[in-house]
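Asker: This structure is in structure tokens; I'll ask about it shortly.
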Amino acid sequence: MVRQTLFWHFLSFIEVLVSATIHISYGLVILSSAIATDITNLFTAVPEKSSKIVPILDCLQSIIKDPTKQSSTKDYTELGLNGSVLNRGSAKTPIVLVHGIFGFGKGKLGGISYWAGAEKMDDCVLIPDLGSLTSVYDRACELFYFLKGGTVDFGADHSCQFGHSRFGRTYTQGWYPDWDEDHPLHFVGHSSGVQVIRVLQQLLANKSFPGYEITNANWVLSVTSLSGSLNGTTRTYIEGIRPEDGRTLRKICLLQILRLGVLLYEWLDIPLLKRYYSFGFEHFNLARHQVGYIGLVKTLAGYTGPFKSGDWILPDLSIQSTIDTNHTLKTYPNTYYISYVTKSTRKLFGRTVPSSLTAIHPLLLLRTLQISWWHYPTNISPPYEGYRDEDWHDNDGALNTISMCYPRFPVEHPHCSLASLKDGDILKPGIWYYTHVEADHIFFIINRNRAGVQFDTLYNSIFQRCRKQMNRLEQKLACTHYCACHEMAYLKTRYSSI
């Protein structure tokens, strides 16, 4: 029995090393590609390309002059734009693209686009750069101030509970300062980005932002979920979140390696690297000039920081935590909801297996198989009544397919399959429409060539729905049509009896 236990511990250790090697290698490839592109641009004679490296050169000069001056009060307005600041004169309703975990906005990682260039398919798109590992709540707060402008306010109660500064990044100029009920926005979220949008809408409905007492849910015109984590994922448990509580980490797991790497990266606080990529934990004050060596030891030992308090993204994606969050989130009657559900598995001899060994990205292939075969521990209570492992086996390598359709735990929200709509049917607000796509979790981001024609088809459908089918005018026309039909039926009934 002891030998068997040691054997399984050994296999787990090997799996962690293999997973860490794959993920670190992929991350280094992305980072080195971005740096190589910028270096190439630096030595080219094309002015518009070489000008992109100027902020980095300025950053290097600032390090030489005073390496202790960091970015706690830095202006982040430059991050995440696709064009100029938008105002009421804009002919189109802006579309905001919200990245998922480990994501980044425009201006980070050189010329690499998280959305693989999809933002170029429409001329009124905003791409915020939010914390890649910060919690759903913190990112929702950042998103609000990115759009409206000002210093991010996480709220006194939340900041005190999780042990970080109340205020974060500063946007001296919001990218859509006129945002309100009469000038709402379309939002498109990938992966955890859709939960950020939903939490933001709830905060708007609750009037949670100091100084903005007129906010409401109608500020959000539509929510489009692309491989969205609407109900959590079992992958969090595979990576190291304990299924017993859905928040704390196992002692030996991939997330422990991630924790150590992130804390060292934040402590070193090298401005040049932060220009390329940031995890978003500035409000935890983890930099070396703020906490010194003693602070580093405390965070690495797990006494302080986001990984101690649980105020980061992975715990938010467990099934238990997502259910707790969904308790407070509503589907609003004046907002349109669309969900694109990705899946890269199939049934083989009664078992769920990856649908292809070549089409699935190498980063996700092993996880696709692990999620397909993962079982909730029998010695602890399941995350909700009626839980069945087989319901959660289909996946896209990161999220379970059941999680992406529509909010269904703890209660199902109104929903309808897009396939059930007939020609001429009008999309109705307040209903989650969903459709399935055969693809892995990152098929439609980072690398456009992987998806090919499907890439254009998908984003064209998203943008066209935002432009033509999901607007308040359509709501009014549908209402007018309904009232006219109702009145006609009433008149026919009345006069036919005379």
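The values are calculated or read from the model by the stated rules, or taken from the named source; none is laboratory data. Treat the numbers as computed from the prediction; the structure is a model and nothing was measured. With ideal geometry, Cβ positions are generated from the backbone for all residues, glycine too; neighbour counts draw on all protein chains shown.
Asker: Tell me, yes or no, whether segment 163-176 has at least one residue that is in a loop (DSSP other than H, G, I, E, B), more than 15 Å from the chain's Cα centre (by Cα) and among the basic types (K, R). It would help to see each step written out before you state the result.
Answerer: Step one: list which residues in segment 163-176 are in a loop (DSSP other than H, G, I, E, B), which gives 163-166, 172-176.
If we keep only those that are more than 15 Å from the chain's Cα centre (by Cα) as well, we get 163-166, 172-176.
Still in the list and also among the basic types (K, R): 166.
Checked against the condition, which is being in a loop (DSSP other than H, G, I, E, B), more than 15 Å from the chain's Cα centre (by Cα) and among the basic types (K, R), segment 163-176 yields at least one hit.
Asker: What about P383, is it modelled with pLDDT of 95 or more, in contact with a strand residue (DSSP E or B) (Cβ under 8 Å, 6 or more places away or on another chain) and at negative phi? Lay out the reasoning, then the answer.
Answerer: Numbers: modelled with pLDDT of 95 or more: yes; in contact with a strand residue (DSSP E or B) (Cβ under 8 Å, 6 or more places away or on another chain): no; at negative phi: yes.
Answer is no for this residue.
Asker: Continuing with the same structure: Please work out if L254 is within 30 Å of F409 (Cα to Cα), touching a residue at least 24 places away in the same chain (Cβ under 8 Å), touching a His at 6+ places or on another chain (Cβ under 8 Å) and crowded, with 17+ Cβ neighbours inside 10 Å. Working first, answer last.
Answerer: Values: within 30 Å of F409 (Cα to Cα): yes; touching a residue at least 24 places away in the same chain (Cβ under 8 Å): yes; touching a His at 6+ places or on another chain (Cβ under 8 Å): yes; crowded, with 17+ Cβ neighbours inside 10 Å: yes.
Criteria met by L254.
Asker: Condition first: assigned to a strand (DSSP E or B) and either touching a Cys at 6+ places or on another chain (Cβ under 7 Å) or farther than 18 Å from S372 by Cβ (or both). Now tell me which residues in segment 393-415 satisfy that.
Answerer: H415 - this is the single residue of segment 393-415 that is assigned to a strand (DSSP E or B) and either touching a Cys at 6+ places or on another chain (Cβ under 7 Å) or farther than 18 Å from S372 by Cβ (or both).
Per-residue answers, yes or no, for (1) at pLDDT below 95; (2) more than 20 Å from L314 (Cα to Cα); (3) of a type in the set (S, T, N, Q):
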position: I360; (1), (2), (3): no, yes, no
position: L363; (1), (2), (3): yes, no, no
position: R388; (1), (2), (3): no, yes, no
position: W392; (1), (2), (3): no, no, no
position: M404; (1), (2), (3): no, no, no
position: C416; (1), (2), (3): no, yes, no
position: A419; (1), (2), (3): yes, yes, no
position: T435; (1), (2), (3): no, yes, yes
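Asker: Between residues in segment 260-271 that are closer than 13 Å to P306 by Cβ and residues that are hydroxyl-bearing (S, T, Y) and modelled with pLDDT of 95 or more, which pairs lie under 6 Å by C-beta distance while being six or more apart or on different chains?
Answerer: Partner pairs satisfying both residue conditions: L263/T299.
Asker: Could I ask something else about it? Looking at segment 314-334, which of its residues are among the β-branched types (V, I, T) and either surrounded by fewer than 23 Cβ atoms within 10 Å (Cβ to Cβ) or over 23 Å from P382 (Cβ atoms) (or both)?
Answerer: Taking segment 314-334 as the starting set, the residues that turn out to be among the β-branched types (V, I, T) are 319, 322-323, 325, 328, 331.
I323, T325, T328, T331 - these are the residues of segment 314-334 that are among the β-branched types (V, I, T) and either surrounded by fewer than 23 Cβ atoms within 10 Å (Cβ to Cβ) or over 23 Å from P382 (Cβ atoms) (or both).
Asker: Still on this structure, please answer the following. Give the residues of segment 301-326 that are part of a helix (DSSP H, G or I) and over 14 Å from L255 (Cβ atoms), sorted by residue number.
Answerer: Residues of segment 301-326 that are part of a helix (DSSP H, G or I), as a first pass: 301, 306-309, 313-316, 319-326.
Those that are part of a helix (DSSP H, G or I) and over 14 Å from L255 (Cβ atoms): A301, S309, I319, Q320, S321, T322, I323, D324, T325, N326.
Asker: Which ones in segment 262-315 are among the aromatic types (F, W, Y) and within 25 Å of the chain's Cα centre (by Cα)?
Answerer: Initially, segment 262-315 is screened for residues among the aromatic types (F, W, Y), giving 265, 267, 276-277, 279, 281, 284, 293, 303, 307, 312.
Answer for segment 262-315, where residues must be among the aromatic types (F, W, Y) and within 25 Å of the chain's Cα centre (by Cα): Y265, W267, Y276, Y277, F279, F281, F284, F307, W312.
Asker: Name every residue in segment 365-421 that is buried (at least 17 other Cβ atoms within 10 Å of the Cβ), over 20 Å from L329 (Cβ atoms) and among the β-branched types (V, I, T), in order of residue number.
Answerer: Answer for segment 365-421, where residues must be buried (at least 17 other Cβ atoms within 10 Å of the Cβ), over 20 Å from L329 (Cβ atoms) and among the β-branched types (V, I, T): T368, I371, T401.
Asker: Just checking: which of the helices (runs of 4 or more DSSP H) contained wholly in segment 186-268 hold 3 or more residues that are of a type outside the set (A, V, I, L, M) and under 19 Å from T325 (Cβ atoms)? Break it down stepwise before answering.
Answerer: Values: elements: 193-205, 235-239, 254-268.
So the answer is 193-205, 235-239.
Asker: Let me ask something additional. Name the pairs: first residue in segment 14-38 and part of a helix (DSSP H, G or I), second residue surrounded by 14 or more Cβ atoms within 10 Å (Cβ to Cβ) and of a type in the set (D, E, K, R), Cβ to Cβ under 9 Å, at least 6 apart or on different chains?
Answerer: Note: pairs meeting the criteria are S19/E239; S19/R367; A34/K108; D38/K52.
Asker: Where in segment 327-373 are there strands (runs of 3 or more DSSP E), lying fully within it, with 2 or more residues that are under 23 Å from the mean Cα position of the chain (by Cα)?
Answerer: Details: elements: 336-343, 345-348, 351-354.
In segment 327-373, the matching strands (runs of 3 or more DSSP E) lie at 336-343.
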